[in-house]
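The values are calculated or read from the model by the stated rules, or taken from the named source; none is laboratory data. Given the structure is predicted, the values throughout are model-derived calculations rather than measurements. FYI the Cβ positions are ideal-geometry reconstructions off the backbone, even for glycines, and counts take in every protein chain you see. We work out accessible area using only protein heavy atoms, side chains counted, and drop any ligands, DNA or RNA first. Shrake-Rupley method; radii C 1.70, N 1.55, O 1.52, S 1.80 Å.
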Amino acid sequence: MTFLSILCALLIEQLKPLRADNPIYAEIKSLAMRMETWFNAGHANHGRMGWFLMIGALMVPTAGIYWLLQHYQLTLLAFAWNVLIVYLTLGFRHYSHYFTSIQLALSAGDEATARTLLADWTKLDTVGMEASEIARIAVEKALITTHRNVFGVFFWFLMPLGPACAVMYRVAEYLARAWNEPEHMRNEAFGQFAARAFYWIDWIPVRLTAVAFAVVGNFEDAIYAWRNFAQRWQDEAIGIILTAGGGAMGVRLGTPAETAARVVTTPDLAVDDSDSESDILPGEEPGARALQSTVGLVWRALLLWMLLLLLMSGAVFLG
């Protein structure tokens, strides 16, 4: 049932992708804002309380409905519930139109349009960006978004509570951003627990995604970049995804401005004589072709996950 649920949800999303600004997400965002308003008194413990209440308010009914359907052996309804939850928690095509449009614009040499699209997608200031920087940021955004909206959801959906765990993952990911990234929340203690909780929730999925990228890409370069450069990002998870993904494609991702310190921009230049080769992140500068490579990498990784899931499901079915 797990494999078929994911497969059906993926097919439905390909035909009818769920908009990122849909009413269900809007309600969850509104609830998160109310939780922050109600509980934020400047202490980390209040953030912990708000986080558990928010997660519980969404996990408990999801798990309860699934348990009832299973308990009364309503198999088809339980299957439909699984498909619905996976469809709602997946985000494989939420932002794919931005990525595709940026790829087409860069291929046509229309950097102005690519800058505008990237600004709309990432909310960054893209004025004056060169094509290589536009491509780099688009690739990085795509890899991180795909992990958090697809592969992380897959992992947690395979856990015993199934749909409830998928909901937990997506909500925890959103709270880690919503309670830490906005300007008024960056120095608040309220969001510290949300960030730490998601770090541990995402610890295994991040590494499985990186392994998948390595297996379906250039394995040696992916592992080398992961082992030697991932720790140079402030966010370890992002460092793992970008170094493994970039290494798998032979593309250099990350900049010193993003605290990937000592990552240089030319393969024959080391930062200093003491570290030499270990300071050189392998790969080429990203360009329009890197976007096409990213699409291929993501689809191959997705097929790998689905193949492994099919084999696991077959093994369970055969006893």
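Okay, here's what the table says:
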{"quantity": "Per residue accessible area of the chain, 1.4 Å probe, in Å²", "calculated": "51"}
{"quantity": "Table column - 3J(HN,Hα) (Hz), the stretch 301-316, Karplus curve with 6.51, -1.76, 1.60, x for Gly and Pro", "calculated": "5, 4, 5, 4, 4, 5, 5, 4, 5, 5, 5, 5, 5, x, 5, 5"}
{"quantity": "Residue among A105, A114, A194 with the largest mean-square fluctuation in a Gaussian network model of the chain, springs linking Cα atoms under 10 Å", "calculated": "A105"}
{"quantity": "Förster-model FRET efficiency, 35 Å R0, E27 and Y72, C-beta, rounded to 0.05", "calculated": "0.80"}
{"quantity": "Computed [θ] at 222 nm, helices only, for the chain once each DSSP H run of length n ≥ 4 contributes -39500 (n - 2.57)", "calculated": "-22000 deg cm²/dmol"}
{"quantity": "Residue (of T75, F151, I6) at the positive-pole extreme of the chain, dipole from beta-carbon charges", "calculated": "T75"}
{"quantity": "Accessible area of the stretch 172-227 belonging to carbon and sulfur atoms, whole % at 1.4 Å probe", "calculated": "55"}
{"quantity": "The stretch 1-142: radius of gyration over Cα atoms, expressed as a fraction of 2.2 N^0.38 Å", "calculated": "1.39"}
{"quantity": "DSSP-loop trypsin sites (Lys or Arg not before Pro) across the stretch 95-149, with at most 14 other Cβ within 10 angstrom", "calculated": "K123"}
{"quantity": "Paramagnetic reach from A189 (point 7 Å along Cα→Cβ, amide N under 18 Å) across the stretch 11-55", "calculated": "36-52"}
